[in-house]
Amino acid sequence: MNVGLALYTLRDEMEKDFKGTLEKVKQVGYQGVEFAGFGDHSSKEVKAMLEEIGLEPWSSHVPLEKLRHDLQSVIAFHKEVGTPYIVCPYLTEEERQTKTNYFDLAEELEEIGNQVREAGMVLLYHNHDFEFDTFDDEFGLDILLRNTRTCNMALECDTFWVEYAGHKATEYLAAHENRVPIIHVKDMKDGNIPFAEVGEGKLDIKGIIEAAKAVGTKYFIVEQDVSERSPLESIEISFKNIQSM
């Protein structure tokens, strides 16, 4: 199983020591990473670091505004790094109020995704919980998926947020066969901070992973938005627990 890490988990560490943090990720045992920015490093510098360390660049979260207004630069950067998936990570509150918002966004993402595909990469959309708000009995997320072609946009399913929204991640995955190349593997606990190390919370992680494999998911990316431990300790616990599964 391809197990990687969302570097958003280590955002503070990455800001302080970009290369050193990547080296620690590799030392834990992760095969690949998902970027959430590159600091002030060039694409050539990032590529060289990854090759030296032995990490694969699986995906990268790029703000929607940058996809809208600087797409060719985004494509060129990620093509040089060797990243196969470019991910739209988040919608502002103003962009997700109505069914029309989602229809309009789907039209935008279809065009963005077409250009990404022509460059040899794939556009993904990453969900939170708010995309499970319903409009005429349809999830906002499903409006996006129904109104974009599979070749131009797929889903990076954040299984934590599916469950947080009150739905079964296993069932949602099963309904989207061959449309989910990547999932975020995250665990949940009760309390003010709902995020837990993978295998330390209450979600059926093994069941989620098996459901994802069944629909064609290739990459399993650990993410922990907030931790009560040090983030580096958290990513090690999550990795060991996944390996034991």
Study note, to complete from the structure: Going through (1) touching a strand residue (DSSP E or B) at 6+ places or on another chain (Cβ under 6 Å); (2) closer than 18 Å to Tyr8 by Cβ one by one, Gly39 fails only at (1)
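Report, by residue number, each residue of the range 214-226 that is without any contact (Cβ under 8 Å) to a residue 40 or more places away in the chain and touching a strand residue (DSSP E or B) at 6+ places or on another chain (Cβ under 9 Å).
Residues of the range 214-226 without any contact (Cβ under 8 Å) to a residue 40 or more places away in the chain: 216, 226.
Scanning the range 214-226 gives a single hit, Val226.
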Review point. Which residue out of Glu95, Glu80, Glu108 is under 22 Å from Val180 (Cβ atoms) and not basic (Lys, Arg)?
Key: Glu108
Check your understanding: Among all residue pairs at least 6 apart or on different chains, which show Cβ distances below 9 Å where the first residue, located in the range 40-55, is under 15 Å from Lys26 (Cβ atoms) and the second is open to solvent by 90 Å² or more (accessible area, probe 1.4 Å) and not acidic (Asp, Glu)?
Key -> none
Practice item. With respect to Glu111, determine if the residue is open to solvent by 10 Å² or more (accessible area, probe 1.4 Å) and either touching a residue at least 40 places away in the same chain (Cβ under 8 Å) or closer than 15 Å to Leu71 by Cβ (or both). Key: yes
Exercise for review: Please tell me if Tyr30 is surrounded by 13 or more Cβ atoms within 10 Å (Cβ to Cβ) and out of contact with any Ser or Thr (no Cβ under 7 Å at 6 or more places or on another chain).
Suggested key: yes
Point to revise | Count of the range 174-186 residues which are in contact (Cβ under 8 Å) with a residue 40 or more places away in the chain and either touching a Gly at 6+ places or on another chain (Cβ under 8 Å) or acidic (Asp, Glu) (or both) | key: 1
Check your understanding: Taking the range 134-146, which residues are surrounded by fewer than 16 Cβ atoms within 10 Å (Cβ to Cβ) and either closer than 19 Å to Gly166 by Cα or in contact with a strand residue (DSSP E or B) (Cβ under 6 Å, 6 or more places away or on another chain) (or both)?
Key -> Thr134, Asp136, Asp137, Glu138
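The values are calculated or read from the model by the stated rules, or taken from the named source; none is laboratory data. Worth saying up front: this structure is predicted, and the values here are computed from it rather than measured. Please note: Cβ atoms are built from the backbone with ideal geometry, for glycine as well, and neighbour counts cover all protein chains shown. To get the accessible areas, we keep the full protein, side chains included, count just its heavy atoms, and leave off ligands, DNA and RNA. Shrake-Rupley method; radii C 1.70, N 1.55, O 1.52, S 1.80 Å.
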